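K.L.:
Just dropping this structure here.
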Amino acid sequence: MDNPEVEWAAPRGAVALGLIGAVGLLAAVFLSTLDGPGRLLLGVAGVAVGAAAVFGLRARPRLAASDDALAVRGLLGTRVWPWPRVDAVRVVRLRRLGLPAAYLEIDARDDDGTERLLVLGRLELGADPVDVATDLQARRARAGRSAADVAGGGGADDAAEGEVAQYDGEDEGDDDPRGDPQSDDRA
């Protein structure tokens, strides 16, 4: 994506705080009077916090979207999916350590048909996942409407947008009535 219209990334303050914390933890390894296992734990914590901060620096912006495509950046580069290859954008609400948390889930397909499930949290996005999902769903709907216009379906724009919104809100459960998470063996 050459010119993304909107981007989301971890807040710079959080990344800076992570780098400072990593330096502090690694300095404590050498300056503390802890025993060997204590120093090892401090060192592991320092490396983990430092790795998370470096990821926050390298993967900026973490998520970018235009009216044509969606891009997710990681350590090794950026992956781009045109909107027709994005199957769903939704928010999943969970409880983590007793606290409510929301995560953005994106189902996408690669060129070779491989399915991807992207899960992004508030810290990675630097914004509320519900707001990000709303923006992405609107862009996806516009991309679907543009494809319908090109195909000559200009009168079905409102219906197509409604289908996208309904699809994004549906729970895609397994068709198996027993609830077994097995793959479909149909030939």
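K.L.:
Tell me the residue from Arg122, Arg73, Arg116 that is over 10 Å from the mean Cα position of the chain (by Cα) and basic (Lys, Arg), please.
P.N.:
Just one listed residue meets the conditions, Arg116.
K.L.:
Taking into account only those residues within region 72-119 that are among the hydrophobic types (A, V, I, L, M, F, W, C) and touching a residue at least 60 places away in the same chain (Cβ under 8 Å), which is farthest from Glu5 (Cα to Cα)?
P.N.:
Among them, the one singled out is Ala88.
K.L.:
Within region 120-160, which residues are modelled with pLDDT of 90 or more and polar (S, T, N, Q)?
P.N.:
Thr134, Gln137, listed by residue number.
K.L.:
Which of (1) touching an Asp or Glu at 6+ places or on another chain (Cβ under 8 Å); (2) of a type outside the set (A, V, I, L, M, F, W, C); (3) without any contact (Cβ under 8 Å) to a residue 60 or more places away in the chain does Arg139 not meet, given it meets every other one?
P.N.:
(3)
Residues checked against (1) assigned to a helix (DSSP H, G or I); (2) among the aliphatic types (A, V, I, L, M); (3) free of Cβ contacts under 8 Å to residues at least 24 places away in the same chain; (4) touching a strand residue (DSSP E or B) at 6+ places or on another chain (Cβ under 6 Å):
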{"site": "Ala10", "(1), (2), (3), (4)": "no, yes, no, no"}
{"site": "Gly13", "(1), (2), (3), (4)": "yes, no, yes, no"}
{"site": "Gly43", "(1), (2), (3), (4)": "yes, no, yes, no"}
{"site": "Gly50", "(1), (2), (3), (4)": "yes, no, no, no"}
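The values are calculated or read from the model by the stated rules, or taken from the named source; none is laboratory data. Here the structure is a predicted model, which means the values were calculated and not measured. Neighbour counts are summed over all protein chains in view; Cβ atoms, including those assigned to glycine, are modelled from backbone coordinates with ideal geometry.
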